Amino acid sequence: MVDEKLKLEALSSSEMLKILSNSGHKVKSRLAVLRNLEAFKADNNLEAALKELAVDLQNDLRIYAAVSLLRLEPLQAIEGIMTILEKGSDVDRQIIIPQLTELKSVKFTDYLKRALGEMQASKKARVFYLELIEAAEKSQSEDVKILLEKFKTTDLLNDWRFALRGGNAKRGRRVLYNHGTAQCIRCHKVRGYGGDAGPDLGTVGDRYTRPYLLEALVQPGNAVAPGYGMITIELKSGVSVSGAWMKEEEGGFVLKMPDGELRVIKKEDIKSTGKVVSSMPPMHHILKRHELRDVLEFLTTLKEENFKKKGH
């Protein structure tokens with residue numbers, strides 16, 4: 001590995017360009033050189049170097065190079081950007097798409113239309129779908145707007161499947177612990193810290209899938225944990241019984257009554273059954289789209305093995 005003790009002020013622009021193009025240097029050092037060259041426009045050959053880096057999918061600086069070139073010479077950046085969008089990884093797409101919302105390019109608009117069509121046809125969740133939707137929302141293309149309209153359905157889980165992948169667990173942790181309106185930790189406990197009004201989240205990553213966790217966030221009434229949802233049952237005798245729904249057995253429903261007693265309501269005695277009601281509000285009414293996606297990602301990390309690794 002090349003010596004990383006770089007003193008940029010002592011380097012000429014040509015020397016910095018050599019460092020920028022040399023994969024033997026650490027990405028951090030090359031990025032520092034790139035920012036220095038861009039800030040001071042220190043070399044007329046910078047744009048050519050960036051264009052070469054942007055189209056090289058094996059280069060760790062491809063995203064930074066493409067974005068930097070986009071700021072300097074948008075038209076020259078198109079080739080590198082399209083290479084990343086068409087042939088790069090999904091993580092590459094997640095990073096670069098938000099940088100392109102102001103880009104007036106037929107090629108990018110065509111990519112949006114194609115990617116939206118693929119997203120609509122596929123049931124797979126990919127990490128850049130939220131960024132793709134947000135870029136499409138800012139597009140001036142009528143064709144793109146028409147495609148976006150097709151995403152609006154009556155299936156809330158399908159409309160929110162972009163949140164299944166691509167979140168940031170660290171940001172999600174901050175939302176869960178600190179969001180002033182959602183106040184998740186007041187009702188839920190994580191490893192001994194938090195409230196008891198809702199289920200303990202300590203190992204939800206072990207117990208539930210991503211689709212289940214998404215449903216619990218946006219349609220909490222459909223994914224109520226035993227003991228945390230209220231139900232009212234009308235009996236044939238004319239009496240109504242309300243309690244916390246625990247489980248359904250072959251012979252009836254088990255409810256937890258206000259005094260803590262478990263009571264079995266036999267199916268043969270039931271006239272009608274209400275829906276289990278969750279006290280948790282739908283989080284998509286409270287959290288922003290990125291916040292909800294981040295929270296979901298954090299919840300998937302709440303596993304026993306992860307706490308053991310951290311020494312908890």
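The values are calculated or read from the model by the stated rules, or taken from the named source; none is laboratory data. Please read all numbers here as calculations on a predicted model, not as lab measurements. Virtual Cβ from ideal backbone geometry, glycine too; neighbours counted across all protein chains shown.
Miscellaneous remarks
- Looking across the stretch 145-155, the residues that are in contact with an Asp or Glu (Cβ under 9 Å, 6 or more places away or on another chain) and either assigned to a helix (DSSP H, G or I) or closer than 19 Å to Pro98 by Cβ (or both) come down to Lys145, Leu148, Phe151.
- Filtered residues of the stretch 151-194 (kept if charged (D, E, K, R), within 13 Å of Glu291 (Cα to Cα) and out of contact with any helix residue (DSSP H, G or I) (no Cβ under 6 Å at 6 or more places or on another chain)): Arg165, Lys170, Arg174
- Subset of the stretch 264-305 [touching a residue at least 24 places away in the same chain (Cβ under 8 Å), more than 13 Å from Ala169 (Cβ to Cβ), part of a loop (DSSP other than H, G, I, E, B) and not polar (S, T, N, Q)]: Gly274, Lys275, Val276, Met280, Pro281, Pro282, Ile286, Leu287
- Test: residue in the stretch 241-248 that is more than 24 Å from Arg161 (Cβ to Cβ), basic (Lys, Arg) and assigned to a strand (DSSP E or B): yes
- Between Gly172, Gly167, Gly117, the distinction of being touching a residue at least 12 places away in the same chain (Cβ under 8 Å) and out of contact with any Asp or Glu (no Cβ under 6 Å at 6 or more places or on another chain) belongs to Gly117 only.
- Only listed residue being closer than 26 Å to Glu134 by Cα, surrounded by fewer than 20 Cβ atoms within 10 Å (Cβ to Cβ) and of a type outside the set (Val, Ile, Thr), chosen from Arg186, Arg191, Arg174, Arg207: Arg174
- The condition (being touching a residue at least 60 places away in the same chain (Cβ under 8 Å) and polar (S, T, N, Q)) is satisfied by just one residue among Gln94, Gln58, Gln76: Gln94.
- Some residue of the stretch 93-115 being of a type in the set (Ser, Thr, Tyr), surrounded by 17 or more Cβ atoms within 10 Å (Cβ to Cβ) and under 30 Å from Gly24 (Cα atoms): no
- Residue that is of a type outside the set (A, V, I, L, M, F, W, C) and at pLDDT below 95, where the choices are Gly166, Gly180, Gly172: Gly180
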